[in-house]
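A.B. asks: My questions all concern the structure below.
Taken together, the values in this text are just the output of simple stated rules run on the coordinates, not laboratory data. Predicted model only: the values in this text are computed from it and were never measured. Here the Cβ is made from the backbone with ideal geometry for all residues, glycine too, and neighbour counts use every protein chain on show.
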Amino acid sequence: MNYILLSKHLKDTELLSKIPMHLNKSLVNLKIAYFTTAANTYLTENNEYPNWVLAHLDEVSKSFNGASISVLNIEDNLDKEYIKSNYDIIYFAGGTAAYLVAQIKKHSFEEVIRFFLENKLYIGSSAGSVVLTKYIYPYHIVEKDCEELQIEKNGLGILDFNIMVHWENSKYQENLKIVEAEYLKQKDSLIYLRDDEYFSTIYTINTKNAKKEGS
């Protein structure tokens, strides 16, 4: 599988230089389908995203300077075949993992995700990373309240491990300790990612300070 899993932004210049090589294209010819679906639970009354969503998109634009980035939403009933044929990277940004899983299932979008994992490249940030794993319930304590939190307990189960994103981020640390305790009750491996780290199959895994628990 071809993926890059992040806690936050992708700024590692070595990894960024490998992506065009992996896809056999130049940076300026890359086309990225960037999904903000997970952040829809944070939309304001005016149907606007909060600043952190826009800031993340801005960081992605800087990292992939020159590439073509389309901001998309699963809920817009997109043409799946068009996405598979016309984009090189599918990028799922952060937000509420349970909500994202629910929309992926509702719109039968897992087939698109698997296509990019097998044939092109999947990038996930925060919730976009977590949804590929087996178990998302522990994150309910830190996610935006929505009805999907009562329904979606599991991730897509495409990966056979779980991920702790934003590890050691002081903003979330108190709640993340609770999340960690729930994850450690499982028998699956648990990957810890700080905001400056990534876990990838296309280049050296940058978890120099991360730890892995479980079997």
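A.B. asks: Taking the chain as a Gaussian network, where each spring joins two C-alpha atoms under 10 Å apart, which residue of Asn119, Asn46, Asn162 fluctuates the most?
C.D. replies: It is Asn46.
A.B. asks: On to the next question. Divide by every residue of the chain the summed helix terms, -39500 (n - 2.57) for each DSSP H run of at least 4, and state the resulting mean residue ellipticity at 222 nm, rounded to the nearest 500 deg cm²/dmol.
C.D. replies: Numbers: 7 runs with 66 residues, N = 215.
Using -39500 (n - 2.57) per qualifying helix, the result is -9000 deg cm²/dmol.
A.B. asks: A further question on this structure: Gaussian network model of the chain, Cα springs within a sub-10 Å range: biggest mean-square fluctuation belongs to which of Asp196, Asp88, Asp58?
C.D. replies: Asp58
A.B. asks: So if we plug the beta-carbon distance of Glu75 and Ser170 into 1/(1 + (r/R0)^6) with R0 = 25 Å, what FRET efficiency do we get, rounded to 0.05? Intermediate values should be presented prior to the final figure.
C.D. replies: Details: r = 33 Å, r/R0 = 1.33.
After rounding, the FRET efficiency stands at 0.15.
A.B. asks: Using a Förster radius of 35 Å, what is the FRET efficiency between Lys84 and Thr44 based on their Cβ-Cβ separation? Nearest 0.05, please. Don't skip to the answer; put the middle values down first.
C.D. replies: Working: r = 32 Å, r/R0 = 0.92.
The computed FRET efficiency comes out at 0.60.
A.B. asks: Evaluate the relative contact order of the chain (contact order divided by residue number), counting alpha-carbon pairs under 8 angstrom at least 6 apart; express in whole percent.
C.D. replies: On the way: 429 pairs, mean separation 56.9, N = 215.
Rounded, it is 26 percent for the chain.
A.B. asks: Can you tell me which of Tyr192, Tyr203, Tyr91 moves the most in a GNM of the chain? Springs connect C-alpha atoms under 10 Å apart.
C.D. replies: Comparing Tyr192, Tyr203, Tyr91 in the GNM, the peak value goes to Tyr203.
A.B. asks: Using semi-axes √(5λ) of the Cα gyration tensor in Å as the read-out, say which of [x] 28, 18, 17; [y] 34, 20, 15; [z] 25, 21, 17 was calculated from these coordinates.
C.D. replies: Computing semi-axes √(5λ) of the Cα gyration tensor in Å and matching it to [x] 28, 18, 17; [y] 34, 20, 15; [z] 25, 21, 17 gives [z].
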